[in-house]
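Trainee: Take this structure first; my questions come after.
Coordinate-derived values only; no laboratory data. Computed from a predicted model, the values in this text were never measured in an experiment. Cβ placement follows ideal geometry from the backbone for every residue including glycine, while neighbour counts extend to all protein chains displayed.
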Amino acid sequence: MQKKRTNPAGFSCRDKDALEFPVKGMIDKNRVRAGRLLVFAGAMLCAWRCAEGQLVSAEVEKPWQPPSGFASIQREAAERDRRTHIEPEHPYTLSELVDLAERHNPATRAAWEDAHAAAARLGIARSDLLPALNAVALTNTTREGILFNDAFVQQTFGIFQPMLQLNYLILDFGARSARINEARQQLVAANLTFNRTFLDVLFETMRRYYELLNAVGQRDAAQADFDNAETVRKAVEARLAVGLATLPDALEARAAAAQAAFTLETAIGGVDIERGNLLSLLGAAPSEHLQVQPLAEIPTPDHFDIDVPAATERSLSLRPEIGEQTAEREAARAEIRAARSAFFPTLNFQGQAGVFRAYGKQDLFPAAYVGPQGEWNVNLNLEWELFDGGRRANQLAQARAKEKSAQAQIDQTRDEVEQQVWTAYVTVRTAFHQRDAAAALLNASQTSYNAALRSYRLGLRNIVDVVTAQRTLAQALSSDVSARTTVLTQLANFAYRTGDLLQSASRKAHP
């Protein structure tokens, strides 16, 4: 009789079906369990995603609420901003306003700190020329069983090793010098960016100052127009009282006076708005009371005569934008040299020296101890990357493209500067002609108004003629103030476009 052979699981190998059935059953059960686990995990993931979507959709209609305590931190940061002190009784001149702006405007402070950061980056790049010295302390304790003859013996081993490591890159074919030159050019660009920010703040201060003067002049013109309208109204009321004027004449004069009062209130609000704009640039609260030098005390030239080609060439050497882009081009060229050096090998020196202490013990044997012993190690590594999948070639191509892009930006800026200088010149020339025309218009309008009012009082003109002359005088007063302030603004704009404004301004070591 043949003896049955069984496997460790107890199944008979004689019956093939009897053997395969349980195995297949176990495999199927495992697959079912794995499938159930996957379904359960997928259901949990879907539920989590749905819950997350419901949370977002439920909060989308509400403003985001900051975490607890964030509002106090925000308020503290805002209160930490030191406001500029404004003397309410002191009439500030333009030079004083510029000094306040360059010291307290946040844009100048930010540009100054960016220049400091660029100087620090240059120091970081220069540090690669010097070796690096590190203090290292290695300690380790292990306990394990090692096979000794026919038994495992427990072994304890401890080590303590303090050392100094010296690393120095001896040769890199100009990579470090290229990075240093790139950082140096970036520092030049950051300094020129500060100059550009300084120039922008300087011109913006002048522009807002002249806008405030224009608003004050418009208010004074509106006040004069209101006074003239009141004079006409009183004259009409006086003639109406004695029967020499009609009621429609009185109504016309009253409407003109009301319109003048409305214009005056608008001009008063414009003064407050322009004063707030100037104060915000100075770093002060817009509600501060600020007095400035009046328009009548500001001297203006009688004519404008300038050599436009010479001014254009001067602007190309003085404008910070061109210098900044030139520095960026030089930085791109340094990046090209650094990318080229990556194709060559590097030679590194590494040395370390220290002391060594060790302790060891095995079962059945006495412990061993090694006292402080000096040790050192010196390595000289020559490393040359032979294949990188085109990374260095693409880096070199990228650096060359940046250099060409920087040159294109210089050409574009040159064209823009030339156009800006020409436009500023034409605008200044036009402003001078407008000022002369506005002065002549004011003189003629004042004479016409005086004559119309005197003729009306004599009964030789009607009220319509007087009101028309009064409104023409009001427009002439407004045009005269606007023309005079436009001359000052456009002169500052021309100096801003040529870069002369930066040369003539007082340079500060710190904003």
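Trainee: Out of all DSSP beta bridges with both ends in the chain, state the antiparallel percent to the nearest 5. If you can, show how the numbers build up before the last one.
Mentor: Numbers: 46 of 48 bridges.
The antiparallel proportion sits near 95 percent.
Trainee: Sorted by packing (mean other beta-carbon atoms within 10 Å per residue), highest first, where do 202-214, 168-180, 331-343 land?
Mentor: Details: 202-214: 21.8, 168-180: 17.4, 331-343: 19.6.
Listed from highest to lowest mean packing, they are 202-214, 331-343, 168-180.
Trainee: With a cut-off of 8 Å between alpha carbons and a minimum separation of six or more residues, what is the relative contact order of the stretch 141-283 in percent?
Mentor: On the way: 76 pairs, mean separation 30.9, N = 143.
Normalised by residue count, the contact order of the stretch 141-283 is 22 percent.
Trainee: Binning every alpha carbon pair distance of the stretch 310-434 at 10 Å from zero, what are the percents per bin?
Mentor: Percent of pairs per bin, in order: 10, 18, 15, 13, 13, 10, 8, 6, 3, 2, 1, 0.
Trainee: Starting from the Cα gyration tensor of the stretch 289-366, take the square roots of the eigenvalues, sort them a ≥ b ≥ c, and report rounded, prolate or oblate (rounded when a/c is under 1.5, otherwise prolate if a/b is larger than b/c, else oblate). Please list the in-between numbers first.
Mentor: Values: a/c = 8.19, a/b = 2.53, b/c = 3.24.
Taking the square roots of the gyration eigenvalues as a ≥ b ≥ c, the stretch 289-366 is oblate.
Trainee: While we're looking at this one, here's another question. Could you give each residue of the stretch 289-297 its phi-based ³J(HN,Hα) in whole Hz, using Karplus coefficients 6.51, -1.76, 1.60 with θ = phi - 60°, and x for Gly or Pro?
Mentor: With coefficients 6.51, -1.76 and 1.60, one gets 8, 10, 10, 10, 5, x, 5, 5, 8 Hz.
Trainee: Fully extended, how many nm does the chain gain between Thr427 and Arg454 (0.36 nm per residue separation, minus their Cα-Cα distance)? Walk me through the numbers on the way to the answer.
Mentor: Values: separation 27, 0.36 × 27 = 9.72 nm, distance 3.98 nm.
Gain in length upon complete extension: 5.7 nm.
Trainee: Nearest 0.05, what FRET efficiency do Phe349 and Trp64 give at R0 = 51 Å with Cβ-Cβ as r?
Mentor: Details: r = 55 Å, r/R0 = 1.08.
Between Phe349 and Trp64 the formula returns 0.40.
Trainee: Also: Which whole-number percent is the relative contact order of the stretch 353-457 (Cα, under 8 Å, 6+ apart)?
Mentor: Working: 34 pairs, mean separation 14.9, N = 105.
It rounds to 14 percent for the stretch 353-457.
Trainee: Cut-off is 10 Å between beta-carbons; in what order do Trp422, Trp112, Trp384 appear when sorted fewest neighbours first?
Mentor: Trp384, Trp422, Trp112
Trainee: Beta carbons within 10 angstrom, averaged per residue: use that to sort the peptides 254-260, 360-366, highest first.
Mentor: 254-260, 360-366
Trainee: I would also like to ask the following. Work out, in µm²/s and without decimals, the Stokes-Einstein translational diffusion coefficient of the chain at 10 °C, 1.306 mPa s, Rh from Kirkwood over C-alpha pairs.
Mentor: 47 µm²/s
Trainee: If you don't mind, there's one more thing I want to ask. Three principal axis extents, largest first, for the C-alpha atoms of the stretch 340-414, in Å?
Mentor: 85, 28, 23
Trainee: Another question, then. Find how many whole Å separate the alpha carbon centroid of the stretch 373-450 from the alpha carbon centroid of the stretch 139-203.
Mentor: With the stretch 139-203 and the stretch 373-450 each reduced to a Cα centre, they are spaced 36 Å.
Trainee: Tell me which of Ile159, Asn462, Val292 sits at the most positive position along the dipole axis of the chain, charges placed on C-beta atoms (Lys, Arg +1; Asp, Glu -1).
Mentor: Ile159
Trainee: For the chain, what does the relative contact order come out to in percent, with C-alpha contacts under 8 Å and a separation of six or more? Show your work: numbers first, answer last.
Mentor: Values: 625 pairs, mean separation 106.6, N = 511.
Normalised by residue count, the contact order of the chain is 21 percent.
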